[in-house]
1. Would you mind estimating how fast the chain diffuses translationally, via Stokes-Einstein at 20 °C and 1.002 mPa s with the Kirkwood radius over Cα pairs, in µm²/s?
2. With a 1.4 Å probe and all protein chains in place, put 278, 258 in order of accessible area, largest first.
3. Heads up, I need the accessible area for residue 218: 1.4 angstrom probe, whole protein in place, Å², nearest 10.
4. How do 295, 135 stack up against each other in accessible area, from largest to smallest, with a 1.4 angstrom probe?
5. Apply the Karplus curve 6.51 cos²θ - 1.76 cosθ + 1.60, θ = phi - 60°, to the phi angles in the stretch 188-193 and return the couplings in whole Hz, x for Gly and Pro.
6. Rolling a 1.4 angstrom probe over the protein chains, ignoring ligands and nucleic acids, what is the accessible area of residue 33 in square angstrom, nearest 10?
7. Would you report the distance distribution of C-alpha pairs in the stretch 258-340 as whole percents per 5 angstrom bin, up to the bin with the largest distance?
8. Would you mind calculating the relative contact order of the chain from Cα pairs under 8 angstrom and at least 6 residues apart, reporting the percent as a whole number?
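The values are calculated or read from the model by the stated rules, or taken from the named source; none is laboratory data. Since this is a predicted model, take the numbers as computed values, not measurements. What goes into the accessible areas is simple: the full protein's heavy atoms, side chains included, and nothing from ligands, DNA or RNA. Shrake-Rupley method; radii C 1.70, N 1.55, O 1.52, S 1.80 Å.
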Amino acid sequence: MKKREPVKKIDNIIFFPGLEKRLTDKGLENLEKKKYTEAINLLEQAREHDPENDEILIGLVLAYFEASSFKKAKALAKEMLHQGIGDYLQMVDLYLTILIQLHEYQEIVTTVEALLDEKEIPPEKHDHFLTILQFSRRMAENRHLDLDEPEPEEAPVKKLNLLAVDNPNEQMLLVSNLADKNIRPYLPEIADYLEAEAGHPFLKTILLTLLKEQEIDRELSIKKFGLERKVIPTQLQEIREEPRMNEVKNLLETRLESENPVLFENTREMVERNFFMSYPFELEPHNTLAWAAAFHHLAQDYMGMNSRIDRLSQEYAVTEREIVEAITHIELIEKISYPNI
């Protein structure tokens, strides 16, 4: 007969065997269903019973983040990093994402510089962290200048002149300066930039997120990749909640995460990068399976692995034509993923 797990008793409160596992499973289930308040409640209870369980803690950080409790997410993620809980680089990525939401750019600079000094970053992620570092340095410098030299309220609003600037570096700097300003005086110029064919898709996404954050409810026209759409920023879905992106990531996770975690991580980053660039458009083909197969193929190709479209066509149950169509879009986006900062 199987020996029963002993009943826990803390401060005269009885905890039945396996309670933390049930709380964890239920909490993660609620997190997946986007019921963030319920997830937080359950995972906080689970943490009381098992305070160093990385599955519980990562779930709790994500639940805090999705519920916009960014300070709680930051505190817990920082604690996990200091205690060495969870995969180190994944936790750093998550921590930096939280800091971006809090606009704590100097902390990002300090964290990434420490990573570079300690040579903790693998070669394939070096450019990723270097881009974050360069962008955050600019943002930190701009915030410092804004604090040192506040503009008088009566001062006339300076024009952005985004379309008059050819250098991507300067365009990025102009856009990053808007992060802590009232964006409304710049709306006419931003509207022109969003509608201009010459505007960079990456910067257009940044501008849309800033407009959404500042609750702009005016209808605007945006053009990307030969497509045009009317949008109201307040009504746009958060990029991280984009349904098709998450469907693609789930398909790839099922096929790749346990078999080849490095391939999955590179594929996941490519998916997020491409959907960020194409936001808020849904590019053709409309078949989610075709996009998953295309990302799978390109990630294997970039890593020097043998990849055959005909085999992926069978595995994902889509036509080769659909996969090639998706590949064409992805390769176009990859070439211009970020301004050259």
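1. Details: Rh = 22.5 Å.
Rounded, D is 95 µm²/s.
2. Working: 278 5, 258 110 Å².
My answer, sorted largest first, is 258, 278.
3. Surface open to solvent at residue 218 totals about 100 Å².
4. Working: 295 0, 135 50 Å².
Ranking 295, 135 by accessible area, largest first, yields 135, 295.
5. Ordered by residue, 3J(HN,Hα) equals x, 5, 5, 4, 5, 5 Hz.
6. Surface open to solvent at residue 33 totals about 120 Å².
7. Values per bin, smallest distances first: 3, 15, 26, 27, 19, 8, 2, 0.
8. Values: 333 pairs, mean separation 31.2, N = 341.
RCO, the chain: 9 percent.
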